[in-house]
Amino acid sequence: MMAELNPKAKTNEAAASSSMREKPVYDPTAPSAIEVEHIVKKYGDFTAVDDVSFSVKEGEIFGLLGPNGAGKSTLIRMMTTLIPITAGIARIAGHDVAKEPNAARRMIGVIPQALTSDLDLTIEENMSIYAKLYDVPAKERKKSINELLELVDLTKWRDAQTKTLSGGMRRRLEIARGLVHHPRIFFLDEPTTGLDPVSRVAVWEMLGNIMEHRKLTILITTHYMDEADRLCDRIAIVDHGKLVALDAPTALKQSVPGSNVIEAQFENSPADWEQRLHSLDDVTSVQHEGAGMYRVLTGNGSRTTTELVEMAVAAGVPVKSLSVQNTTLDDVFVHYTGRQLRDELQKPYAFVMPPRPGLQP
Ligand SMILES: Nc1ncnc2c1ncn2[C@@H]1O[C@H](COP(=O)(O)OP(=O)(O)O)[C@@H](O)[C@H]1O
Ligand SMILES: [Mg+2]
């Protein structure tokens, strides 16, 4: 992948501006942009989405968080009228997607998981084609394209051929392109998967910028915990087609027993070490992550740390490293699913970028 052409200083500047977006307080009485009720998708005997219900309020950034195969893309495809729903209802701005698909489509912009911009066209041409496809009147087209290229920080590359862009820049082009017809509800399926960390942050910042300039509701899927935590007002955790938790990131973290996580690595820890760590005061869970590394959730970080070190010294077990942090969404995921998301991802995401665009539906 080509190096990011975007100057770093610009990214930092954008970071400073978009971190100002304040997460709105959830208001259950606010109008819903998206409503999903007991939605099910079956492929033969296999249930890819299993009785999921949630609603997204206007102006929210709502995250679907889950491992590969959880059903995130299937959910998006049903909500955006791309595949039929087996059972249940999805409404977009009040329009039942099964009964009024065209009305629903007029409200939405969709960025699919695979990159779909045309490599032989320039950035501007890619934008322009989409604007025509969506019947954006000629005089509005130019204005909309200019405004969006500015928002995603691609103005100076507008005449560059898309194949010369880095993955992060292409993603930003596609985000801009998906907004060219002024949708009210924007669906993004794993917009940052496969991007390097700097490009990922740049994409978050772009989304923050866009939210400040347009009246928009965003539904975004991701398997990155940090991204969901930082970007989303509320998060639905999905696993094996089921919704396992739904709340604001801070509330999700508070819902996990224990408020601190101690990560400690020991040398030659004995076989019963996990149990012994578990028996310390305030400890709510212990996970052995291999190589002598333990992740200990506790309601009292400082007290447990002291006891843990004392126990290690008394047992003659050297402590190689130790850190105390607040609980993260990783802990939330483990709490609700019994597994760690990162383990889950290692295999499927060895090859993150499709070999050529448009290969996946
Ligand atoms: N067209 C299809 N036919 C059969 N199974 C499918 C199809 N599309 C997706 N699936 C299966 O449904 C499950 C959910 O897939 P998907 O929605 O792509 O998950 P995610 O986007 O969370 O990675 C997976 O087990 C996947 O293999
Ligand atoms: Mg997917």
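If you filter segment 192-216 down to residues that are within 16 Å of ligand 1 (Cβ to nearest atom) and out of contact with any Asp or Glu (no Cβ under 8 Å at 6 or more places or on another chain), you find that the one that is nearest to Phe333 (Cα to Cα) is Thr193. Residue-level check: of (1) surrounded by fewer than 15 Cβ atoms within 10 Å (Cβ to Cβ); (2) touching a Leu at 6+ places or on another chain (Cβ under 9 Å), Ser255 misses just (2). Taken over segment 109-125, residues that are part of a helix (DSSP H, G or I) and out of contact with any helix residue (DSSP H, G or I) (no Cβ under 6 Å at 6 or more places or on another chain) amount to 2. Within segment 209-226, none of the residues are among the charged types (D, E, K, R), without any contact (Cβ under 8 Å) to a residue 60 or more places away in the chain, in contact with a helix residue (DSSP H, G or I) (Cβ under 9 Å, 6 or more places away or on another chain) and crowded, with 23+ Cβ neighbours inside 10 Å. Would you mind stating whether Gly241 is surrounded by fewer than 24 Cβ atoms within 10 Å (Cβ to Cβ), within 16 Å of ligand 1 (Cβ to nearest atom) and over 14 Å from the mean Cα position of the chain (by Cα)? Yes, satisfied. Considering only segment 217-225, I want to know if a residue exists there that is within 16 Å of ligand 1 (Cβ to nearest atom), of a type in the set (S, T, N, Q), assigned by TED's automatic domain parsing to the domain that holds Leu115 and at pLDDT below 95. Taking every residue of segment 217-225 in turn, at least one turns out to be within 16 Å of ligand 1 (Cβ to nearest atom), of a type in the set (S, T, N, Q), assigned by TED's automatic domain parsing to the domain that holds Leu115 and at pLDDT below 95. The set of residues in segment 294-346 that are in contact (Cβ under 8 Å) with a residue 60 or more places away in the chain and surrounded by 20 or more Cβ atoms within 10 Å (Cβ to Cβ) comprises Thr327, Leu329, Asp331, Val332, Phe333, His335, Thr337, Leu341.
Out of curiosity, is Ala131 modelled with pLDDT of 95 or more, away from ligand 1 (no atom under 16 Å from the Cβ) and outside any loop (DSSP other than H, G, I, E, B)? The answer is no for Ala131.
The values are calculated or read from the model by the stated rules, or taken from the named source; none is laboratory data. Just so we're clear, the structure is a prediction, and the values are computed from it rather than from any experiment. When we count neighbours, we look across all protein chains shown, and the Cβ atoms used for this are built from the backbone with ideal geometry, even at glycine.
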